[in-house]
Every structure is written in C-alpha cells, then in structure tokens.
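I have placed the structure first, in the form of structure tokens, so that the comments after it can refer back to it.
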Amino acid sequence: MNNSRFAKAATQMQYVSRWMEYSPRYKDNAASHSFRCGAIAILAGIIEEQVYGKELDKLALAAKALLHDLNETVTGSIKYVTKKDQHVAEHISRLEAEVSKEIVSQLSRSLQPHFHDYIVLAEDDTYIGQLVRDIDSFDAMLFCGREYRLDANLYFQEKYEQLRDSLASSPCPSIRWLLTALDDKEDEGVGSFLEHILNLDLIERWGGSFNLIPDNDATHSFRVAAMSLFNGLLERERFGKGSIDLYRLLGKAIMHDVVEGVSGDVASPIKKSSKAVREAFERYEKEVAHDMIAKLPSFFHADMTDFLAHAKDDTYEGELVDIADKIDALVKSNLEMRNNPHYAKKYYEQLIHIQHHYEHPCVIFFLAYILHDLTYDNFVG
C-alpha cells in the first residue's frame, strides 16, 4: 500500500492548468475547479432533496464532484472536443480509467471500494454521475462568465452562452434551479454565494513569505476537503470510528474558508496573537458567515450554518477539518523549506503543535506513513 499516492495527487492538482490556451485573465487549475465543483455539489444536493424531494446520496455526490478530475494529475487537462473525437475518445476514456484505478489501488484495502466509487465511477451512467457532469459544466460556465465580464474575451463569451444553453435542458432539476437563481435580480443571495465560491481562487495565502509554490484559498480548500474525506474514511473503516458523519465532514471541509471570500486570508500569527484578538476574529468571521447564509433561501440555512459558520466546531467532524487544515500547512512548509529556511521553522512549529494536540488515529497514520513522501524532492524527482 502507498497511501501517500492519493495525498500527492491531491497536491499536484493545482499544477494542472485549465483554459491556458485562451489566455484567461484569471488562471484556473484542476484543484480550484474541483473545489468549486464540490461546493456546487453541496448546494445541488440540498436543492434536489429540499426542493424536489429527490432522495440521493449527498455524500457520494459531493465526493465524486470533488475527486472526478484526480486522474488529470497524469493525463493533464484534455480538451472536451478532443475527448469526444471519434478517433481518440475510446483511448482517452480507457487511459483516464486506468489512471483512476491506479490511484485507488495504492490505498489501504478498506478504503478502496469507497474511493473506487468516488474516483473511478465519478461520472458513470447513474443519476449522480449525470449530475457530476452537469456540475462540471456549470462551474465552467461560471468561470467563462467571469472572464468575459471582466476581460471582454469573445471566446469566453461564446463558451459561456453555449454552456448556459446546454445546461438549460439539463435532466437534473437542481442545475436548472441554479440557473434560474442566477437570473433573479430581486434576490441575489444564491448568485452572490456562487460568486464568493468562484472568487476564492483570488484570495492568496501565505502573504509576506517568499513562496516557490503559489497557493490560494480554492486550492487549499480542495486539499483540505480531499484529506478530510481520506481521514474520515480511514478512521471509520480501519479504526472503527463508525459514528463519523462523512457528509457533514466533507461539507464542513469544502466550505470552511468560504467566508474568506469576504474577510480575506489573515495570517494565523495575527489572528492568534492574543486571546482577545483571536476571539474578535472568530466573532467577525461568524458574523460574515451568518450574513452570507441569511441571504440564501431558508432551506439552505441548517446545513450551511453547520458547514460554514461552525466548520471547526467541537464535534469530531469539526476536529477532523481542523486537523486537515493543520496537515495542509505542514505539507506546504515541508515543500517550501528546501528553498526557504523561513519555512523550516514553520514546519517544526506546526509538526510539534500537531504532535502535542492531536492523538487521532488519522494523525498518527499520516505522520507515520504519508508525510515523508510529501517533500519537494519527491514532487520534482
């Protein structure tokens, strides 16, 4: 078994560029896109259930939307028109499936059935598979819309209109509902929330430090969500923590930094410089979260309050989100410290904090079996 293969793929996703041949104003990558797909899937699942009374596995929907492009760390981002070409479509589909199966095969045996469903079968012929494909297109539409509004790029305008026309006839009512909500000028709550999700890739992290590896809130949120899902499944399947609510865990992980679309990313040393400062920032971020939630239709409020306002609460799921957040900072420092001694200090401080504060099985497993493979040399070698 080589569980670090999954963690390494999650980290590599930000290096898979999207749309670059069309010179977008804002760069996009597979990690940012997959985060947005995961967030849209959370909304779509709630709509399907609360508005249309459709029972579906919301965990599977969110997990598949989050991980459906993980094979692109090997195949790269292949154009849609190329994927559908009669000469190569079958070969591309086979290669993507092979890569997905290879990633899953490296996981612990107890995790493989779940991740086979979430990665290999992410876009299968089921209703959830169809919804994942439409969520993928919906996010592409949002990205193209931002591009043509802010940069007047004719390609992105044409692509936006093409995607919107196609999605208008989606067999998934939640997608059509979201399209209608985007057009509602009297109640812009859903549109505003989607804009916060879309613009999370503009919030840069680690300001004030020289960074060899760029990072933003969208790519970070993807990694935290992927690692939270891995840790939750690991503890449930291998260590008998059967009470973990994986849907709550994944929802919290995906949404945990969405408030920073309003507040920005304030460095932890500033946020935690004193108890008074820490508590003030906590109150401020909770107020921002509640303001965002209040603008959404009421049927979103219960889930989004849990996911957004109480992402790192005292529940076991909240603790696992906090752990994944800390692990991501540890990995970031591990990757950077070879080129910037400043990060060596951050790495050891973060490592000591994790070792002294968390005895969760997933933490011990990560430190023993995964961390040593997530170094700069292992990514460039």
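The values are calculated or read from the model by the stated rules, or taken from the named source; none is laboratory data. Computed from a predicted structure; not experimentally measured. Ideal geometry is used to build each Cβ from the backbone, glycine not excepted, and the neighbour counts take in all protein chains shown. Just the protein is used for accessible areas: all its heavy atoms, side chains included, with ligands, DNA and RNA removed. Shrake-Rupley method; radii C 1.70, N 1.55, O 1.52, S 1.80 Å.
Just a few scattered comments:
- Checking LEU150 against (1) hydrophobic (A, V, I, L, M, F, W, C); (2) open to solvent by 20 Å² or more (accessible area, probe 1.4 Å); (3) in contact with a helix residue (DSSP H, G or I) (Cβ under 8 Å, 6 or more places away or on another chain); (4) not in a loop (DSSP other than H, G, I, E, B), the condition it does not meet: (3)
- Yes/no for ASN71 being surrounded by 14 or more Cβ atoms within 10 Å (Cβ to Cβ) and under 18 Å from the mean Cα position of the chain (by Cα): yes
- Some residue of the stretch 156-166 being under 20 Å from ALA30 (Cα atoms), open to solvent by less than 10 Å² (accessible area, probe 1.4 Å) and not aliphatic (A, V, I, L, M): yes
- Subset tally (residues that are more than 26 Å from LYS8 (Cβ to Cβ) and surrounded by fewer than 24 Cβ atoms within 10 Å (Cβ to Cβ)) for the stretch 44-68: 13
- Residue in the stretch 340-356 that is part of a helix (DSSP H, G or I), hydroxyl-bearing (Ser, Thr, Tyr), open to solvent by less than 20 Å² (accessible area, probe 1.4 Å) and modelled with pLDDT under 95 present: yes
- Check on SER273, over 22 Å from the mean Cα position of the chain (by Cα), of a type in the set (Gly, Ala, Ser), more than 18 Å from LEU249 (Cβ to Cβ) and modelled with pLDDT of 90 or more: no
- Within the stretch 290-331, being loosely packed, with under 15 Cβ neighbours inside 10 Å and among the aromatic types (Phe, Trp, Tyr) holds for one residue alone: PHE299.
- Enumerated helices (runs of 4 or more DSSP H) restricted to the stretch 25-86, each holding at least 2 residues that are closer than 24 Å to SER105 by Cα: 30-50, 58-67, 72-75
- Exactly one residue out of VAL266, VAL262 is open to solvent by 30 Å² or more (accessible area, probe 1.4 Å), in a helix (DSSP H, G or I) and at pLDDT below 90: that is VAL262.
- Within the stretch 327-364, the only residue that satisfies the criterion of being among the aromatic types (Phe, Trp, Tyr) and within 26 Å of ILE244 (Cβ to Cβ) is TYR358.
- When the stretch 104-126 is filtered for residues that are assigned to a helix (DSSP H, G or I) and either farther than 20 Å from SER17 by Cα or touching a strand residue (DSSP E or B) at 6+ places or on another chain (Cβ under 8 Å) (or both), the ones remaining, listed by number, are VAL104, SER105, GLN112, PRO113, HIS114, PHE115, HIS116, ASP117, TYR118, VAL120.
- Candidate set from the stretch 201-255 (those that are open to solvent by 10 Å² or more (accessible area, probe 1.4 Å) and of a type in the set (Gly, Ala, Ser)); member that is modelled with the lowest pLDDT: GLY208
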